[in-house]
Structures are given as C-alpha cells and as structure tokens.
Amino acid sequence: MSFITAYCHLRENVCSVNGELVATLDKSSEDAWFKQIYKAQEFVYPKFYKMDTLSQAGYLASELIKRAAPYIVNDYADDEIALIFANKSSSADTDLRFINSYEHNGAPSPSLFVYTLPNIVLGEIAILNKWYGENMFAVLPKFTPDFFLTHTQILFSTGSKTALCGWLEILGDKIHAFLFLIEQAGTGKPELNIENLSNIAGPEIIHN
Amino acid sequence: MSYIGAEVIISPLGETTEENWRALSENRSGITKVNAAGYNDENLFLGSIQNHAAESRFTALTIRALSQIAEKIDRNVLSSERTIVILSSTKGALDVNVTDQFQSPAAMLVEEFKLANQPVVISNACISGVLAINVAGNLVKNKIYDHAVVIGCDVISDFVVYGFQSLFAISDQPCKPFDAARNGITLGEGCGAVVVSAEKSIFSESPLHLLTGSSANDANHISGPSRTGEGLFRSIGKTLNANQISGEEIDFISAHGTATVFNDEMEAIAFDRAGLSHIPLNSLKGYFGHTLGAAGVIETVASMQMMRNSTLLKSVGFGETGTSRSLNIITENRQKELNTVLKTASGFGGGNASLIIRSL
C-alpha cells in the first residue's frame, strides 16, 4: 500500500501546498509569477534564473513539497527517490522560444536549446538534491491517475522507496503543475488509489 | 520472464532489419555529407534517410516500422487489449506541429492498427529508447500487459541540427566514437522497434530474453556528462545486481558512445569503475549517427542481430584510444557466440540507463 503524503498545485495565479494557499499572483508586481513565488518563499538557488518555465515550475513545486515533508531528505538514500513526471505538451513552450531565437533573433540560442527536452526538469531536481534515482518523463494526452499508480508500483518493486510524481503542463500562458509525493508509509494520509489521486488532483486537471 | 524479438530497423542503411544487418556486417556507414544543412548553410555530415518525403516523416516511419512488426508476430497481438505501444522519441513530429509533437502521430497508430490502448510516449532525451524497453519489460513482468511494442523514432530537423550546432557539438567529419580525434556527434535519423512479451509463442522467429535494467541520474549537470561516470556506473551496477549477473558473464557491451569528448570519457570511466573495461565494446553511432530518442532501440536491435549472427561488429570511426581509461573497442568484425549483452545509454538531463539481452 502507498500513500499520497504531500502535494503542490501551481496554476496561473495561485500556488498551494496540501490544499493550503501559499501564494497568489500579484498583478501589480514587476516580477514574473514564478519569480514572485521564489522571492516570497525566500528560496536561494541562483540557477533558478537560468531555468526555463518547465524547470522553474518543477523546482518551485518540489521545493515546496520538501518543506511540507522535510524528513524525505534524510529518510531516503540518494538513489531511493524516483522521479515520475508527465505532461501533454512536452517542452513545446521552450521549443517555440528556441525556434524564435533562430528565425527572428539572429542565431540559435544554446541556453534555450538545452531546455528543449521535457526531462531536463528531472535533471534540475536531481542536481539540486543530489538524487541519483530512477527518472522517467512521459507525454500523455491527459492527466491519467492510472499511469502514476502503475509506474510507482513498478519502481517500488525494483528498489525505489518513494516517488516524487508530477503533471507539469506549461504552454503559453497556461500553467498546470501538480506535484505529489508517494510513500509506502503515511499514517493518516490518503491512500494512493485512483479516486484519492483524482480528488487531490482536482476537477480542472482531470477534465483538461 | 520477458521475451524480446520481432526486431525492426529502418535507417539510412536500409528499410528492413535484413538490409540493415547486411550493411552493418559489411561495415558500411549511413553517414553522408549533406550540402547546406547547417544554420549558415554549412555542409554537414548526417545519417539521413534519402528519398523519404512524407507530410510527417515521423508518423510515416513509425507506421512502416509497426507494419513490419505486424508481419513478425501473431496477428492478434497488435490489436489486443493486453498490448501497449510505447513510443520513444525526443522531438516526435515537431517539424510538422511544435505544439503537437506526439499526440497526432500516436492517434494515427491507434487508427491504422486498431490499437486497443492509447500509446505511451517516453521522452527522456537520449536514454529514451533503453528506458522505454525497460518500461516495456516491467509492464510485462508485472502482468499489467502481456505484450509491449516499443517504437523508437526521431527525424532530423533544422531544430535539432541548429541546436547541436549552437552547442558546438557537431563533428566536422563522420563521428569517431572513443577515438583520440573525436570532436562531436553526427546526427542521424531512423526508427527501431521491438516486441516485449510474456509469451514466446507469439514470435515467428525465436525471441531472446530481456533482463530489464535500471536508470540512474548523474545529479551533476543538465547538458554536461559527469566527470566520474557516477550515474552510468550506478545504472550498470543496479542492472547487473537485479538480474544476478556478474560482469564476467557479459560477452559484449553496446555502449552509447556519442563521440563528444566528454561523453565518451565519462563512459570509459564508468565502464572502468564497473570492472568492464576488458569486455568487447562498440558504439554504433559510426553507422547510424546519433538518432537521439531512437538510438537506444535501434542499437538494441542491432545488438540482437549481432547475437543472432554471432558477430562482434567493428566500432566504425575508432582508430586510436582517446579516453583516459582504455576500453576493449572492437576494431574488426569477428565471429563469437554472444550469450549476454549489456546495452547502455546516457543523455541530457543527466539520465543513464542500461539493460541486458540474453540468448534463450
């Protein structure tokens, strides 16, 4: 049996952890939305500013989950935390920016090109945390709870002890990031099943 | 126990597995000079498929590969509810529609082959292919599906060519994996496909065993290989342990070997740390170029063909040792019975993956 022990939603104008609001978009701010969260949460990781939006979203949500479940950093060995992420549009948002760099901006940008793969965000999270575990990024037509149930079960049978999962969909001004931590123990936490995961994910992600 | 077989390659070397094997066994390379292919109209060496026009080259290649697969397995398997198709690719049909790189091509496969389940796309940079075969093996082992078809495909586009040019990562000659004079990759395109199944009887030609392996992140850099080979070292160790296989049992290693200075050095360090530096090894990039998300599948298929033909294939492009740890790189084709083969891959995002194929 597995449990959903922490989760984070990051949308166009709100960010919440375990269902509790942690940030709301300040439209009067000069800072971009993700930068507003970064500053308000007093994160210190200058690499954040080099990341594309997919990686920034993954960074913010995974750091917020770590604050909600700080014990994971010490309770698991460096290769026991699997990263299982998926989305619908791959890295299309950054792909478009890279195409713009060589079609309209003089030359192909190497700093954009290195982010034109959806799994780069997994690398960013692994680097920050020195996590050497399993990584997987899938592109699916929509958020599918069953996909995450299947693949956490598989990775738990091959040596991973916990899984940081994520639906990380960003394209244009649409943002739908939902990261959740799956552990094999979790007193009082919701059990990992399709119904609970669908409820926690919320109707907007299920029907999008 | 998972079986793997019905392998297919479509590449510059041929439209079928047989044509590809003939070219490989003659040490022919699919890499040619293409005029004005670069961002500033530079001539570049590429492993590109000639005479291959289609509205979506990606979709066309995957359909052709799956049609060939259909001829090699029980005719009821593809449309079965117990079958899943896994697509392995980095950029899919990006050249047709940037914001729909995978869904329309996947939908075409569903329609064309009456697939019962929605295909899953694995997009993990250059380890996608090896990872996808491991996912297939795990889905079958855990009885979630009885059969999994893995199709690895990527096509050359301005996008990837300009991108690798911007990183100064493209070789000015056909790529030379592990060689002292290597200076970058040669991009390639193609499609590889295999069927992983719990049932031996679905294969018209006898399959091999798939011993699924593990992936491990380097936790080091998003686009630079680790200096210690940590992720690859860990992936190989976990794959050997999980299958209770010792390094001494490995007859051949199909390495990733992209021919960039740092990648090949990283691999040499990892193989040395794993105690595998004496095992015959090649990189197939000198034949196909680097086919990105297809590479792990195409190279696994080529390794299976090596096993079936008891042949160690020369590592094309290699002449002189160019890594700090020496490896046993195959310099001429030779006959040898190959029972246990290790396939590895490493890529952007710090990913590393490995798997083992064993003869029955």
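Summary table below
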| read-out | value |
| --- | --- |
| Inter-residue pairs, beta-carbon under 8 Å, first more than 11 Å from chain B (Cβ to nearest Cβ) and in the stretch A:158-175, second modelled with pLDDT under 95 and buried (at least 18 other Cβ atoms within 10 Å of the Cβ), 6+ apart | A:167/A:205 |
| Hey, residue A:35 farther than 25 Å from residue A:205 by Cβ, open to solvent by 50 Å² or more (accessible area, probe 1.4 Å) and of a type outside the set (Ser, Thr, Tyr) or not | no |
| Tally, over the stretch B:334-347, of residues that are in contact with a strand residue (DSSP E or B) (Cβ under 6 Å, 6 or more places away or on another chain) and under 27 Å from residue B:293 (Cα atoms) | 8 |
| Some residue of the stretch A:116-129 being closer than 18 Å to residue A:178 by Cβ, small (Gly, Ala, Ser), touching a residue at least 12 places away in the same chain (Cβ under 8 Å) and facing chain B (nearest Cβ under 8 Å) | no |
| Per-region count, the stretch B:89-134, residues more than 10 Å from chain A (Cβ to nearest Cβ) and open to solvent by less than 10 Å² (accessible area, probe 1.4 Å) | 6 |
| Unmet requirement for residue B:148, which otherwise passes all of (1) in the same structural domain as residue B:71 (by TED's automatic domain parsing); (2) surrounded by fewer than 24 Cβ atoms within 10 Å (Cβ to Cβ) | (2) |
| Where residue A:131 falls short, out of the listed (1) over 18 Å from residue A:7 (Cα atoms); (2) open to solvent by 40 Å² or more (accessible area, probe 1.4 Å); (3) not β-branched (Val, Ile, Thr) | (2) |
| Residue within the stretch A:73-82 that is of a type in the set (Phe, Trp, Tyr), open to solvent by 10 Å² or more (accessible area, probe 1.4 Å) and facing another protein chain (nearest Cβ under 10 Å) present | no |
| All positions within the stretch A:176-208 that are closer than 15 Å to residue A:143 by Cα, among the hydrophobic types (A, V, I, L, M, F, W, C), open to solvent by less than 20 Å² (accessible area, probe 1.4 Å) and modelled with pLDDT of 95 or more | A:177, A:178, A:179, A:180, A:197, A:201 |
| Identity of the residue in the stretch B:212-222, crowded, with 24+ Cβ neighbours inside 10 Å and hydrophobic (A, V, I, L, M, F, W, C), that ends up nearest to residue B:350 (Cα to Cα) | B:222 |
| Unique residue being over 23 Å from residue B:349 (Cα atoms) and buried (at least 24 other Cβ atoms within 10 Å of the Cβ) when the list is B:198, B:193 | B:193 |
| Filter result (more than 20 Å from residue B:99 (Cα to Cα) and more than 10 Å from chain B (Cβ to nearest Cβ)) within the stretch A:94-112 | A:105, A:106 |
| Filtered residue count, the stretch B:149-169, keeping only those that are among the aliphatic types (A, V, I, L, M) and more than 12 Å from every other protein chain (Cβ to nearest Cβ) | 5 |
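The values are calculated or read from the model by the stated rules, or taken from the named source; none is laboratory data. Since this is a predicted model, take the numbers as computed values, not measurements. Because the Cβ atoms are built from the backbone with ideal geometry, glycine has one as well, and the counts that use them run over all protein chains shown. Protein only, heavy atoms only, side chains kept; ligands, DNA and RNA dropped before computing areas. Shrake-Rupley method; radii C 1.70, N 1.55, O 1.52, S 1.80 Å.
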